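**Q** I am attaching a structure below and will ask some questions about it afterwards.
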Amino acid sequence: PLKTAAGVKGGVERTFIAIKPDGVQRGMISEVIHRFERKGYKLVAIKAIVPPKALAEEHYGDLKARPFYPGLVSYMTSGKAPVIAMVWEGVDVIRQGRRIIGATNPLDAEPGSIRGDYTISVGRNAIHGSDSFESATIEIGLWFKPEEVYNWQFAHAEWIESKN
Ligand code: UDP
Ligand code: MG
């Protein structure tokens, strides 16, 4: 069971996953959802949003000093397509989500990962995933109000998670 909004590190966790505007333009919404859903993860929040500049800046706040930061913020906020913001829940979903997404630079991303299969440019790598328990907690809080995140149980949970 979840003990905090973002879960228990190493156990059942929640992570923030976002399909960026290039991923939306390229018709990747269903593909991204499919990969998380088929693995056994649970979608507990989703919305389409053009992030206000302040939200994009805060989301990428740790990269403020980097030369690509202004371009990164304008890419996220252009409104040429929305961002599909999601929270996914499940065992080890933060780390596994990063594996499903693949390396930041698509040219280093393994075939079979989303970035590895669909993208070739670090500045257009289609998807975001929280990189740690701490950033997942912060990012979920930035993008979603508590009432936008749903607690619900799989009717078939015993077929996905075993205690033994
Ligand atoms: N980024 C970029 N150029 C770079 C590094 C990063 O445009 O040289 C962008 C890219 O969209 C990346 C995002 O900044 O996904 C955040 O960078 P981070 O290092 O956090 O990578 P991520 O966590 O997305 O894999
Ligand atoms: Mg990151």
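Rule-based calculations on the coordinates, nothing more; no lab input. This structure is a prediction, so every number in the text was calculated from the model and none was measured. Glycine gets a Cβ as well: all are built from the backbone with ideal geometry, and neighbour counts include every protein chain shown.
**Q** Under a Cβ-Cβ cut-off of 11 Å, what is the net charge of the residues other than ILE19 that fall near it, where Lys and Arg count +1 and Asp and Glu count -1? Intermediate results must be reported in sequence, preceding the final value.
**A** Numbers: positive: LYS20, ARG26; negative: ASP22, GLU31.
Spelling it out: positives minus negatives among the neighbours equals 0.
**Q** Determine which aspartates and glutamates satisfy two conditions relative to LYS47: a Cα distance under 18 Å, and not lying fewer than 8 residues away in the same chain.
**A** By straight Cα distance, LYS47 reaches ASP22, GLU31, GLU37, GLU89, GLU139, GLU147, GLU148.
**Q** Still on this structure, I have one more. Which shape class, rounded, prolate or oblate, goes with the chain when its Cα gyration tensor gives a ≥ b ≥ c as root eigenvalues, a/c under 1.5 marks rounded, and past that a/b bigger than b/c marks prolate? Write out the running numbers ahead of the final one.
**A** Details: a/c = 1.77, a/b = 1.42, b/c = 1.24.
Prolate, because a/c is 1.5 or more and a/b exceeds b/c.
**Q** How much length, in nm to one decimal, is gained on full extension between ARG99 and LYS47, taken as 0.36 nm per residue of separation minus their Cα-Cα distance?
**A** Roughly 16.4 nm would be gained on extension.
**Q** Relative contact order, percent, of segment 21-97 when contacts are C-alpha pairs under 8 Å separated by at least 6 residues?
**A** The normalised contact order for segment 21-97 reaches 49 percent.
**Q** Follow-up. What relative contact order, as a whole-number percentage, does the chain give when Cα pairs under 8 Å and 6 or more residues apart are counted?
**A** 33 percent
**Q** From a point 7 Å beyond the Cα of ASP92 in the direction of its Cβ, which residues of segment 123-164 have a backbone N at a distance under 13 Å?
**A** Counting backbone N atoms under 13 Å from the label point, the list is 162.
**Q** What pairs from LYS20/LYS145; LYS42/LYS163; LYS80/LYS145; LYS20/LYS42 go past 22 Å between their alpha carbons?
**A** Result: LYS80/LYS145 exceed 22 Å.
**Q** By the scheme Lys and Arg +1, Asp and Glu -1, what is the net charge of all other residues having a beta-carbon under 11 Å from that of ARG124?
**A** Values: positive: LYS20, ARG26, ARG115; negative: ASP22.
With Lys, Arg at +1 and Asp, Glu at -1, the neighbours total +2.
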